[in-house]
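For reference, the structure discussed in these notes is given below.
The values are calculated or read from the model by the stated rules, or taken from the named source; none is laboratory data. These numbers were taken from a predicted model, which means no experiment stands behind them. Cβ sites come from the backbone with ideal geometry, for glycine too, and all protein chains shown count toward neighbours. Areas reflect the complete protein model, heavy atoms only, side chains present, ligands, DNA and RNA absent. Shrake-Rupley method; radii C 1.70, N 1.55, O 1.52, S 1.80 Å.
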Amino acid sequence: MRGNRRLRFGGYAVAAAVTAGILAAAGCGSSGSGGDSGSGAGAAPSGVATSAGSGGLGAKAVTDYLSYTGGKPGAANKSLAPVQIGYVNQQGGPTSVGPLATNGAQMAVNYINAQLGGVDGHPVQLSTCFIASAEEEGTTCAQKFLANKKADVIAMGGVAIGAQSFYGALGGAKPVIDGVAATDIDSTQKNAVILFGDSTHVLGPMGAYAKNVLHAKTAAVVYPQSNADIPGALAIQQGLKAAGVTVKMEGYPPTTTSLTGVLTAAGAQTADMVVPYTDSSGCVNIAKALTQMGITDPKKIVSAPLCLNGQVAAGLGGDFPKWTYSIASSLFGDTTDKGMPAYTKVTGKYTTPADAPDPWEIVDFGQLLTVDKILNQVGYARLSPSKVLAAAKAFKGPQALGAPSLDCGQFAPAPAVCNDQAQFFQYAGHNKWVKEAGWLKPVS
């Protein structure tokens, strides 16, 4: 069922194991900071390196969160009525898409209330609802938010199970601002805005990487033959073909563990580019098979960042595969990213430092800053679902810790998607990164 589709693009930086990825553009840039507004003070994590050059958003990096959100310096006034933001995430069950997404959202709210003045001085509150394991729980969450007349907007974390019933029950009555879309259901919603993108669109830039960086003529794409993985694999294929690359696709049963035969059938040994597109267990098996076959060039093995998690590192002796990864958000290990010190400074006060690199913590922190920006722009006295949705759809970026520019509604079949850009980093091992390409869009 489409509502059970798992996330197959981590849009968004790297997993926590790396240390142990609004409204008008005016005022959203790197304006000067003051006080504790999350400005450039604070260092990027030690033991991490990238190549020379400007990472992240470059000159468009959001370094001053006070200016970005349009807030007021200092704490929100606790005596004023709170502004409630509905928040839904999939957690508490046997599987989670983004278990630390809620941490990132709550970190942003705590920081906004303590240092950015809330919304017009009113404190911000998350009205949370969590989906554990059943599709019908999405209906329950939608009904909760519909009944809450104080919540004019809903922020979404990583939701796959329950997404279809959630949107169905919500009926477009309230806007949903998403960081990363975990299903293609989100992308088609007219009342949703996806700030960091969805898998179908942020995997397309692999074609631009193949053409402009690798100068590849051929590519081998291997993927599990499941409803969860096929759409992303096809998006990669489409992006590569648009770039003039000849692609050989090879799917395999998800339970397959020995993948040398699959890679051989895909022509991985002679291909200019090899793209593993799979979950954590598949990443381990593919990495072992590639090593066994002598395919070890880290520049030509290109993966979505799902392979950057602790399970993969544990399965490979304590480190990630030395491949190149597409990233649709800031990378925690990118010391050339001018936006990272501001985030690092906030995480030092408002979250567990070991969680700071988690892709969902990064994305949902940036996402909630943008929600706050939108609410400040509309103004407390004028808040309504329709005004919030209109402001969200008009947001052009840059997105804090995200892409330098957004265009919400540019894709007719996916009106909620605002971003189709990704940047590329090669992992050199031991928490060291080499930037291979800045923000790329799919080849038209």
Phi angles of the range 253-261, converted by Karplus (6.51 cos²θ - 1.76 cosθ + 1.60, θ = phi - 60°) into ³J(HN,Hα) in whole Hz with x for Gly and Pro, give x, x, 7, 5, 10, 8, 10, 5, x
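Charges at C-beta only: +1 for Lys and Arg, -1 for Asp and Glu. How large is the resulting dipole of the chain about its Cα centre, in Debye rounded to 20? Before the final figure, lay out the partial values.
Numbers: 31 positive and 27 negative charges, 124 e Å.
In total the dipole reaches around 600 debye.
Which entries of Lys322/Lys345; Lys300/Lys393; Lys78/Lys345 have Cα-Cα distances beyond 26 Å here? Walk me through the numbers on the way to the answer.
Numbers: Lys322/Lys345 29 Å; Lys300/Lys393 37 Å; Lys78/Lys345 24 Å.
In this structure, Lys322/Lys345; Lys300/Lys393 exceed 26 Å between Cα atoms.
Report, in debye and to the nearest 20, how large the dipole of the range 226-344 comes out about its Cα centre when Lys and Arg carry +1 and Asp and Glu carry -1 on their Cβ.
Working: 7 positive and 8 negative charges, 35 e Å.
Using Cβ point charges on Lys, Arg, Asp and Glu, the range 226-344 gives about 160 debye.
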Cross-link candidates for Lys441: which aspartates and glutamates have Cα within less than 12 Å, leaving aside residues fewer than 8 places away along the same chain? Asp420
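How large, in Å, is the range 198-290 by the Kirkwood hydrodynamic radius built from its alpha-carbon pairs? Could the numbers behind the result be given before it?
Working: mean 1/r = 0.0769 Å⁻¹.
Taking the inverse mean of 1/r over all distinct Cα pairs, the range 198-290 comes out at 13.0 Å.
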So what's the net charge close to Met273: Lys and Arg +1, Asp and Glu -1, counting the other residues with Cβ under 13 Å from its Cβ? +3
Rounded to whole Hz, the Karplus (6.51, -1.76, 1.60) HN-Hα couplings of the range 133-145, x for glycine and proline: 7, 10, 4, 5, 5, x, 4, 4, 5, 4, 5, 4, 6
Cross-link reach from Lys72 to lysines, straight Cα distance under 17 Å and at least 8 residues apart if same chain, gives Lys373
Which value, in debye to the nearest 20, describes the size of the charge dipole of the range 320-444 about its Cα centre when Lys and Arg Cβ atoms bear +1, Asp and Glu Cβ atoms bear -1, and nothing else is charged? 320 debye
Percent of accessible area on the range 357-429 owned by carbon and sulfur, 1.4 Å probe? 57 percent
Taking a straight Cα-to-Cα line shorter than 13 Å from Lys288, and setting aside same-chain aspartates and glutamates fewer than 8 residues away, one finds Asp319
Provide the per residue accessible area, probe 1.4 Å, for the chain, rounded to a whole number of square angstrom. 34 Å²
From the Cα gyration tensor of the range 148-225, with a ≥ b ≥ c the square roots of its eigenvalues, which class applies: rounded if a/c is under 1.5, or else prolate if a/b is larger than b/c, or else oblate? prolate
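Rounded to the nearest whole Å³, what is the per residue volume of the convex hull around the Cα atoms of the chain?
Cα convex hull per residue, to the nearest whole number: 119 Å³.
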Output the antiparallel fraction of DSSP beta bridges having both residues in the chain, as a percent to the nearest 5. 25 percent
Counting residues in the range 183-232 as N, plug N into 2.2 N^0.38 Å and put the Cα Rg over that result. 1.43
Rounded to whole angstrom, the alpha-carbon centroid of the range 373-406 lies from that of the range 208-268 at a distance of 37 Å
